[in-house]
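This report concerns only the one structure given below.
The values are calculated or read from the model by the stated rules, or taken from the named source; none is laboratory data. Given the structure is predicted, the values throughout are model-derived calculations rather than measurements. Cβ placement follows ideal geometry from the backbone for every residue including glycine, while neighbour counts extend to all protein chains displayed.
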Amino acid sequence: MRFEIIPVTAFEQNCTLLTCPESSALAIVDPGGEPERLLEAIRALDAAPQMVLLTHGHLDHVGAAPEIARQLGVPIIGPHRADAFWLDALPQQAQLFGFPEQPAFSPDRWLDDGELIRLGRRTLEVLHCPGHTPGHLVFFDRDARLAQVGDVLFRGAIGRTDFPRGDHSALLRSIRDRLFPLGDDVRFIPGHGPTGTFGQERRTNPFVGDPRSN
């Protein structure tokens, strides 16, 4: 799987352009803002847009999704329905964080744990990983050993849980029981900041790492 990471908005949120190398099918993951900039990057890829994928319902991850989907004529897929209240609250989120006015929306399709998403000749596995939000999803390409983790895990840190319906214990379980067992060699793309590997975080992350594994 090929990918290009484009940080957008003042939150430096990582929008990822995932492209199947065999078919040029493209998924836009978490387009949080700056739609015209993202559309320019998408057109430069000369790929075939298929969908917008959302890991969770926070404004900085979904802000440009409706405009991107409209201009490209593709569906918005995800997150899990448990994040519907976040999408319903987009106008309030925009006002709180000083973003342009953002109407509420619903995706064309909610996702559940265990579903499979076909992107060209590649398959993305859907993992429900609550904690940061109750409906947070992770998208995993098992063949490429690549995970799109949103705000569940960062290099040297974990997602915040001080938002409405955040759950610190659930977040730790999501990381330790759902992500780390996928393998130390898995590279992950977080919602903010640089990429990393599950192995490095398992060994050194001060919040979920196990120093005994060194």
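Computed quantities for the displayed model
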{"item": "Tally of residues being out of contact with any Ser or Thr (no Cβ under 7 Å at 6 or more places or on another chain), within 20 Å of A144 (Cα to Cα) and surrounded by 23 or more Cβ atoms within 10 Å (Cβ to Cβ) across the range 21-46", "result": "2"}
{"item": "Only listed residue being basic (K, R) and closer than 24 Å to G120 by Cα, chosen from R155, R203, R145, R160", "result": "R145"}
{"item": "Some residue of the range 197-208 being under 17 Å from the mean Cα position of the chain (by Cα) and modelled with pLDDT of 95 or more", "result": "yes"}
{"item": "Positions within the range 27-49 being among the charged types (D, E, K, R), in a helix (DSSP H, G or I) and under 19 Å from F3 (Cβ atoms), in sequence order", "result": "R37, E40, R43"}
{"item": "Tally of residues being over 17 Å from the mean Cα position of the chain (by Cα) and not in a helix (DSSP H, G or I) across the range 50-83", "result": "2"}
{"item": "Members of the range 170-214 that are surrounded by fewer than 17 Cβ atoms within 10 Å (Cβ to Cβ), among the polar types (S, T, N, Q) and free of Cβ contacts under 8 Å to residues at least 24 places away in the same chain", "result": "S213, N214"}
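Conditions tested, residue by residue: (1) at pLDDT below 95; (2) outside any loop (DSSP other than H, G, I, E, B); (3) over 16 Å from the mean Cα position of the chain (by Cα).
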residue	(1), (2), (3)
Q95	yes, yes, yes
F99	yes, no, yes
R118	no, yes, yes
R173	no, yes, yes
R176	no, yes, yes
D184	no, no, yes
F188	no, yes, no
